[in-house]
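One structure is given below, encoded as structure tokens.
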Amino acid sequence: MFPIQRPRRLRSHPQLRRMVRETILTTNDLIYPLFAVPGSGIAKEVKSMPGVYQLSVDKIVDEAKEVYDLGIPAIILFGIPEDKDADATGAWHDCGIVQKAATAVKAAVPDLIVIADTCLCEYTSHGHCGYLQVGDLTGRVLNDPTLELLKKTAVSQANAGADIIAPSGMMDGFVQAIRTGLDEAGFQDTPILSYAAKYASAYYGPFRDAADSTPQFGDRRTYQMDPGNGREAIKEIGLDIAEGADMLMVKPALAYMDIIWRVKEASNLPVAAYNVSGEYSMIKAAALNGWIDEERVVMETLTGFKRAGADLILTYHAKNAARWLR
Ligand code: PBG
Ligand code: ZN
């Protein structure tokens, strides 16, 4: 028997395919991560992330101009400080590296949106995302004392010019603490992009090289989510929404497409997906070996995030994707 419905009818010509395409990736969807280091004239490639560099502030400014010229609306800044200590001073100090980079970028490219990643792991001597009990060798971060530092960090980043605050430490109550801090400091209109559902993932490996933030001992499983949990993501986003989050992030993206979908269905806030370092490195490695077609694989992957429900995609592929979209 011949089929009545013939889906292939609508695939027969490129223009027809273009007409019925449901999901279209645009440059508007992209956010480009940048790593700021002290000094000047520095561009140091991250070994495990070909094409990604640690950049001094002057180079960050050059990069920001390029990103803006490519039509990418936003960057997210991470910092690698000169010194690390138990109080993560480099995170919340007004002369911190992210603060300096934010101020410089806003002065040079005022229309580029600057997102500040708000966490402490790049700045603590032990590499955990908050305070530890003296003598703790397991990495069980003290929740409430850490909130004070996060609040201070967010206010200092906003003061330096950051347009959006993106807390990534998965501390309970961190959105509320930061919202209160920002409001008290007069930043009522500064949005919070919460890393709402962030999993304890091996895909962060290359990032920890890039940001020099590998925990010296223990791991992040007492604060980041267990990869087996889906319903718990809905609990996390519910809390973040109640605490005042303006946008929600799911991280990583590739192994968590179902979570992106569920978060999109469960909320009416914009959803961001973080296409993390390990996801980038896998594609890069295969492409550099000539095993896959980089452009096609990247565009298919990013389109997949969007189809799953992502409104925004944080990705190290952003500059290339913007070029391919031209
Ligand atoms: C810091 C932070 C991490 C990433 C973003 N913010 C790493 C971590 O939790 O260890 C990962 C980003 C990536 O892998 O690209 N809390
Ligand atoms: Zn952290």
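The values are calculated or read from the model by the stated rules, or taken from the named source; none is laboratory data. Model, not experiment: these values are computed from the prediction. Neighbour counts run over all protein chains shown; Cβ positions are idealised from the backbone, glycine included.
Before moving on, here are some points about what is shown:
- ALA233 being under 15 Å from LEU30 (Cα atoms) and crowded, with 17+ Cβ neighbours inside 10 Å: no
- Restricting attention to the stretch 25-52, the residues that are without any contact (Cβ under 8 Å) to a residue 24 or more places away in the chain and touching a helix residue (DSSP H, G or I) at 6+ places or on another chain (Cβ under 8 Å) add up to 4.
- Condition met for GLY127 (on the phi > 0 side of the Ramachandran plot and within 22 Å of the chain's Cα centre (by Cα)): yes
- Checking SER48, SER40 one by one, the residue that is of a type in the set (Ser, Thr, Tyr), surrounded by fewer than 19 Cβ atoms within 10 Å (Cβ to Cβ) and away from ligand 1 (no atom under 16 Å from the Cβ) is SER40 and no other.
- Meets criteria (among the β-branched types (Val, Ile, Thr) and within 16 Å of ligand 1 (Cβ to nearest atom)) for ILE72: no
- If you go through the stretch 106-120 and keep only what is within 16 Å of ligand 1 (Cβ to nearest atom) and small (Gly, Ala, Ser), you end up with just ALA116.
- Taken together, the residues in the stretch 92-106 that are buried (at least 24 other Cβ atoms within 10 Å of the Cβ) and of a type in the set (A, V, I, L, M, F, W, C) amount to 5.
- So ASP117, is it over 19 Å from the mean Cα position of the chain (by Cα) and charged (D, E, K, R): no
- For ALA273, the test of being touching a residue at least 40 places away in the same chain (Cβ under 8 Å), away from ligand 2 (no atom under 16 Å from the Cβ), among the aliphatic types (A, V, I, L, M) and in contact with a Leu (Cβ under 8 Å, 6 or more places away or on another chain) is passed.
- Sub-6 Å Cβ pairs linking a first residue in the stretch 63-82 that is more than 16 Å from VAL52 (Cα to Cα) and hydroxyl-bearing (Ser, Thr, Tyr) to a second residue that is outside any helix (DSSP H, G or I) and modelled with pLDDT of 95 or more, at least 6 apart or interchain, are TYR68/VAL109; TYR68/LEU112, ordered by first then second residue.
- Flag: ALA104 does not match the condition of being at negative phi and at pLDDT below 95.
- Restricting PHE35, PHE2 to residues that are modelled with pLDDT of 95 or more and hydrophobic (A, V, I, L, M, F, W, C) narrows the list to PHE35.
- Filtering the stretch 181-207 to residues that are under 15 Å from TYR274 (Cβ atoms) and buried (at least 17 other Cβ atoms within 10 Å of the Cβ) leaves LEU193, SER194, TYR195, ALA196, ALA197, LYS198, TYR199, SER201, TYR203, TYR204, PRO206, PHE207.
- Search result, residues across the stretch 137-146 that are in contact (Cβ under 8 Å) with a residue 24 or more places away in the chain and surrounded by fewer than 24 Cβ atoms within 10 Å (Cβ to Cβ): LEU137, THR138, GLY139, ARG140, ASN143, ASP144
- VAL276, sole failed condition from (1) more than 16 Å from ligand 1 (Cβ to nearest atom); (2) under 14 Å from the mean Cα position of the chain (by Cα); (3) among the β-branched types (Val, Ile, Thr): (1)
- VAL109 vs. criteria surrounded by 16 or more Cβ atoms within 10 Å (Cβ to Cβ) and farther than 27 Å from ARG220 by Cα: yes
- Just so you know, in the stretch 240-255 the residues that are more than 16 Å from the chain's Cα centre (by Cα) and crowded, with 17+ Cβ neighbours inside 10 Å include one that is farthest from ligand 2 (Cβ to nearest atom), and it is ILE241.
- Selection status of ASP258, of a type in the set (Asp, Glu), over 16 Å from the mean Cα position of the chain (by Cα) and buried (at least 21 other Cβ atoms within 10 Å of the Cβ): no
- So THR89, is it away from ligand 2 (no atom under 16 Å from the Cβ), among the hydroxyl-bearing types (Ser, Thr, Tyr) and surrounded by fewer than 22 Cβ atoms within 10 Å (Cβ to Cβ): no
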